[in-house]
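Below is one structure, written out as structure tokens; comments come after it.
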Amino acid sequence: MNTPAWLQAAGLVLWGFTAGQGAVGVTLALARLLAPVSGVRLNLPDRDLNRAVDLSGFAVLLSIAGFLVVQGLPKGLLVAVGWLPAVLFPLLLIDALGETPLRLRHLAVTLRRSTHPDADRMAPPGAPYLAMTLLAASVLAQPSPWFFWALAVVVLVWLFVLRPVPRARGLPAFAFAALLAAGGGYFASAGLQHTQLALQDWAVDFMANIDPDPYQSQTRIGDLGRIKLSERIVWRVEQAPPAKVPLLLRSGVFTRYVQGSWTAQPGTFSPLPSMATAAQPRLTLHGQSLKGAAILPLPADAGQIGVGAGTLQRNALGLVRVDAAAALLDVTVTGTSVAPALAPTAADLSLPPGFGDLLPRLPELALLAQGSERERLAGVESWFAAHFRYTLFLGDEHGGGRDIARFLLTDRAGHCEYFATSTVLLLRALGIPARYVTGYSVQEYSRLEKAFVVRQRHAHAWTEAYIDGHWVEIDTTPSTWLSMEEQAAPLWQPLSDFMSFAWRRGAELWRERVTQIQVALDLAASSRPAGAGAIGVLLVVALGWLALKRVRRARKAGGEKVGASGTAKEAPSAEILSFHLLEDEFAALGLGRRPSEPPRAWLARLARDGTSVLDESRLTATSVLIETLYRKRYGNGHPVP
């Protein structure tokens, strides 16, 4: 399939402006247009073509890996696909300048030693490259009507070029079908775009196995079976000595409980300045963002918060969110907060229907109602410590699920969600405002990483109670919960931890290297603003000069040549001129005559490799012309064997 160079150039221009790199796209387009007329020709043997293909494949893999490390999934993969036209452009340029066309044996490693005839079939990259360029532009494009119509024009022109000659036949029908397809595609894409974005957000959140909603938390209260724990490390925490163990990091605060689900009244997040100070941070957290956003797990008394890139926001419940952040997060916490505590609301004393009837059935707690706030709180803590135990077993089909009433009155065994939920509701029943808090309990220290590691199974729930004008943390879950979960850790956890550490460290080193390169590029751009543009201009000027030189040489060779004696030499015959035109035409199709290749050997190669491009009548006419040249050159009208 012969794809015109000007159409490939149009695709590169569209890609460049879509990617925000218009200068790069225009430069590549001009290089593609000027390459055939520059006079530069590459006569590369099969070994060099194999190396060029291998290096292009390695460049693709390296770019994908780099973008994945720096930007994560799925953004890194999408950006890597979007930059494929620039990564693979050298291979397209080699094909445009090469005397030897690319074949299947060059592109497939398994065919390089094959003797099968199909291994020598030509594989011009023009059409696949144009399709890839348009796909990359679509990946990087922001939703806009102009891009759709620009893409539609390029695709329709491409389809028009592929139509059999004469192309004017059936032109009205083609134009009508093109308008119908473009209009239908535009209206269909408008609806599919919203569906795609919704499905993409849902899939990413599901695969990430997180709860991104700071205003709702679904508990496992009432579920059956046993909780499955994940060993994946989600955060790494460095503490300035003396380290606090356990350290509770909150990422959710909730006020209303309804049938196993905690919710909070949605509120706005207000801007919070990033306060990176020269003082030694009290905490340093290393984690990852999801699509540039994350709820930061922080202690309740977090002071000044610093984040390298991104904007910080905080809501009325004290939760901190970062937006427009890098894939790798480095958060610092310096000092403690002295901000006044937010006064409790009516929601902090609300009880689900029917829970108030439980307190009279718990006489030990009912007697606490006459004491002070401190005495009521201490009594609830002592009661849980004396009568309850920790378990990951939720219940089975025979015994049924375990709700809050069964947990308090009968089983008295459960996981942290049971303890935190019951503590909140019992304190409220005793007149103490309380809230349900979720986050992580930091307890496990890694000698390998020289930091505390926070796994998904370290996710925890506890209580905040309003006592004497301050919110205080209450954790009634038995302290044995962590050791019980560690006993269920798989045998391969050390290997998994090492791989996670190596990946994180490699990502950090890559980020540092990319930052250094970016700083150097910014410095060069500031000192020489036109440096990058000058390189592109010089490249275009050089190719243009070579093209002009070749045109002048062709004009000079087309006129009469005068010998040293001053007599005019005989002008080339009509057959010679036709033969030269034939060489140029077939070279544009990737079937050019090799240096020192006899015309008859060239004809035999055309009959073997060019059948997909040349029809039988064209090959017959070429054979007649070549035989005529042989007879005229060697005389007597006898064909030369």
Check: Has region 571-592 got any residue that is farther than 17 Å from E99 by Cα and modelled with pLDDT under 70?
Finding: yes
Next item on the list: Give region 57-95 a look and list any residue that's among the small types (G, A, S) and closer than 19 Å to V24 by Cα, or say none.
Entry: A59, S63, A80, G82, A86
Notebook entry, point to check: Can you tell me which of T463, T477 is surrounded by 15 or more Cβ atoms within 10 Å (Cβ to Cβ), assigned to a strand (DSSP E or B), of a type in the set (S, T, N, Q) and at pLDDT 80 or above?
Noted result: T463
Next item on the list: Check region 84-92 and report whether any residue there is within 24 Å of R593 (Cβ to Cβ) and either touching a strand residue (DSSP E or B) at 6+ places or on another chain (Cβ under 7 Å) or open to solvent by 20 Å² or more (accessible area, probe 1.4 Å) (or both).
Entry: yes
Margin query: For region 412-421, check the following and say yes or no: at least one residue is β-branched (V, I, T) and either buried (at least 18 other Cβ atoms within 10 Å of the Cβ) or under 26 Å from F254 (Cα atoms) (or both).
Written below: yes
Item checked: Matching residues in region 342-381 - criterion: being open to solvent by 40 Å² or more (accessible area, probe 1.4 Å) and touching a strand residue (DSSP E or B) at 6+ places or on another chain (Cβ under 6 Å) -> P344, E373
Notebook entry, point to check: Which of the residues belonging to region 22-53 are farther than 20 Å from G544 by Cα and in contact (Cβ under 8 Å) with a residue 12 or more places away in the chain?
Noted result: N43, L44, P45, D46, L49, N50, A52, V53
Next item on the list: Look at region 281-303 and say how many of its residues are under 11 Å from V331 (Cβ atoms) and assigned to a strand (DSSP E or B).
Entry: 9
Check: Does any residue of region 48-71 turn out to be open to solvent by 40 Å² or more (accessible area, probe 1.4 Å) and closer than 30 Å to A607 by Cβ?
Finding: yes
Checklist line | Number of the exception - G431 against (1) assigned to a strand (DSSP E or B); (2) under 18 Å from L349 (Cα atoms); (3) open to solvent by 10 Å² or more (accessible area, probe 1.4 Å) | finding: (1)
Item checked: Residue within region 451-461 that is without any contact (Cβ under 8 Å) to a residue 40 or more places away in the chain and within 36 Å of the chain's Cα centre (by Cα) present -> yes
Item checked: Hits in region 434-460 - residues which are within 15 Å of E381 (Cα to Cα) and open to solvent by 20 Å² or more (accessible area, probe 1.4 Å) -> none
Notebook entry, point to check: For W481, which of the numbered conditions (1) more than 28 Å from L427 (Cα to Cα); (2) in contact (Cβ under 8 Å) with a residue 12 or more places away in the chain fails to hold?
Noted result: (1)
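The values are calculated or read from the model by the stated rules, or taken from the named source; none is laboratory data. On a predicted model such as this, the values are computed, not experimentally measured, just so you know. Counting neighbours? That spans all protein chains shown, and the Cβs are built from the backbone with ideal geometry, glycine included. Remember, those area values only see protein heavy atoms, side chains included, never the ligands or the DNA or RNA. Shrake-Rupley method; radii C 1.70, N 1.55, O 1.52, S 1.80 Å.
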